[in-house]
Each structure stands twice: as C-alpha cells, then as structure tokens.
1. By how many nm would the segment from residue 68 to residue 45 grow when fully extended, if each residue of separation counts as 0.36 nm and the alpha-carbon distance is taken off?
2. For the stretch 21-72, which whole percent of the accessible surface, found with a 1.4 angstrom probe, sits on carbon and sulfur atoms?
3. Excluding residue 22 itself, calculate the net charge of residues whose Cβ lies under 15 Å from the Cβ of residue 22, where each Lys or Arg counts +1 and each Asp or Glu counts -1.
4. Residues in the stretch 49-64, backbone N under 17 Å from the label point at residue 25 (7 Å along the Cα-to-beta-carbon vector): list them, ranges by number please.
5. Before I look further, what does the chain give for accessible area per residue, probe 1.4 Å, in whole square angstrom?
6. Out of these labelled values of log10 I(q)/I(0) by the Debye sum over Cα atoms at q = 0.22, 0.23, 0.24, 0.27 Å⁻¹, (i) -0.88, -0.92, -0.97, -1.13; (ii) -1.09, -1.18, -1.26, -1.46; (iii) -0.91, -1.00, -1.09, -1.40, which was calculated from the coordinates shown here?
7. Just reorder 36, 45 by solvent-accessible area, largest first, 1.4 Å probe, all chains present.
Amino acid sequence: MATGIWNVVDVGDAFQGSYGTTLVVKLVVVAVSGVSALAHARAKSTVGLAVFGALTALSALAALLLGVVLRG
C-alpha cells in the first residue's frame, strides 16, 4: 500500500488521464486481494478456503497485470 500511495503522490498531472484511472483500479484490486487473503486465512470450511484462495490468486494476478500496464 505504501508504494501505491507513493505512486499516487508521484504521478502529479498524469493522474487525470487513463494512467490515473488504471492506477486507482490497481489499488482497488490490491485491496481486494488483501481482504480476500485475510478471509482465506480465517476460513474454517474447505469451500471458504477454496473460494477465497481462488479470489486471492485471481486478484493478485490482476494487480500484477495492471502493474505491467502502468509500466508501459
């Protein structure tokens, strides 16, 4: 999260365009990944472990892809 906040501060004027939108989407996806990882860690049932584990994996991969998109 610290690097995400750093990116928001560092972007400056470029935040208005598609870069800023992509950055906000990436930060939301990272937050979803963190929350789903917490839910996975606290899940008691095998269904909960599977669902939250899959959501964690997919959202982490989406955050990685968005990071690559931002890099250009």
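The values are calculated or read from the model by the stated rules, or taken from the named source; none is laboratory data. Everything numeric here is computed off the predicted structure, so don't read it as measured data. Because the Cβ atoms are built from the backbone with ideal geometry, glycine has one as well, and the counts that use them run over all protein chains shown. SASA here: full protein model, heavy atoms, side chains in, ligands and nucleic acids out. Shrake-Rupley method; radii C 1.70, N 1.55, O 1.52, S 1.80 Å.
1. 4.8 nm
2. That fraction is 77 percent.
3. Net charge around residue 22: +1.
4. Counting only backbone N, you get 58-64.
5. 70
6. From the options (i) -0.88, -0.92, -0.97, -1.13; (ii) -1.09, -1.18, -1.26, -1.46; (iii) -0.91, -1.00, -1.09, -1.40, the structure gives (i).
7. Sorted descending by solvent-accessible area, the residues read 45, 36.
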